[in-house]
Amino acid sequence: QLQASGGGLVQAGGSLRLSCATSGRIFSSHVMAWFRQAPGKEREFVAIIGWPGGSTDYADSVKGRFTISRDNAKNTMYLQMNSLKPEDTAVYYCAAKFGVYRSRPVAAEFNYWGQGTQVTVSS
C-alpha cells in the first residue's frame, strides 16, 4: 500500500531523493514518516511530517541535511537527502498512521509500511 523508491549507491557528500507513493485513502489525513534500518541495528526514526504538512521533525543525526515534504495532490511523500555520509547507509522505509502528530515517534505507532529502498553511501 506504500511504495518507496529512489534509493541507490552514492558517494559521501552526494544527494538522493526518496519518494513514497500511496493511495489517497491512506495519504489523506495521515501522518507520514521515514524510518531506516542498518544491518544488525534496530529500525530508527528519521523524519516525520504531519497532515497537511505544516509540522515536521527530524532525528538529530539527519537534521540540517535531510528534508521531508509531501505533495498532497500526488499522494506522495519525499525525503531529500543531502551531504550523505557512510553512516546513512540503510534500508529506508516509509510509514503512515492515522493519528496525532508526535515528534520523535516510534515504529510501533505506524499502521502502514512500504517495502523499503536501499541507500548505500560509499566513503
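The values are calculated or read from the model by the stated rules, or taken from the named source; none is laboratory data. Predicted model, so just to flag it, every value in this text is computed and none were measured. Note that we place each Cβ from the backbone using ideal geometry, even for glycine, and neighbour counts take in every protein chain shown. Accessible surface is based on the protein model in full, side chains and every heavy atom, while ligands, DNA and RNA are left aside. Shrake-Rupley method; radii C 1.70, N 1.55, O 1.52, S 1.80 Å.
Is it the case, given these coordinates, that LEU9 is aliphatic (A, V, I, L, M), open to solvent by less than 60 Å² (accessible area, probe 1.4 Å) and out of contact with any helix residue (DSSP H, G or I) (no Cβ under 7 Å at 6 or more places or on another chain)? In short, no. Looking across the stretch 31-49, not a single residue is crowded, with 18+ Cβ neighbours inside 10 Å, over 20 Å from GLY64 (Cβ atoms) and without any contact (Cβ under 8 Å) to a residue 60 or more places away in the chain. Consider the stretch 77-113 and keep the residues that are in a strand (DSSP E or B) and open to solvent by 10 Å² or more (accessible area, probe 1.4 Å). The one that is farthest from VAL10 (Cα to Cα) is LYS97. In the stretch 56-73, the residue that is nearest to TYR112 (Cα to Cα) out of those that are in a loop (DSSP other than H, G, I, E, B) and modelled with pLDDT of 95 or more is ALA59. Of the residues in the stretch 16-30, how many are open to solvent by 60 Å² or more (accessible area, probe 1.4 Å) and either in contact (Cβ under 8 Å) with a residue 40 or more places away in the chain or under 12 Å from VAL119 (Cβ atoms) (or both)? The total comes to 1. Restricted to the stretch 6-30, and to residues there that are at pLDDT below 95 and not small (Gly, Ala, Ser), the residue that is farthest from ALA107 (Cα to Cα) is ARG25.
For the stretch 50-73, which residues satisfy the criterion of being farther than 20 Å from ALA108 by Cα, open to solvent by 80 Å² or more (accessible area, probe 1.4 Å) and of a type in the set (A, V, I, L, M, F, W, C)? Selection gives ALA73 alone.
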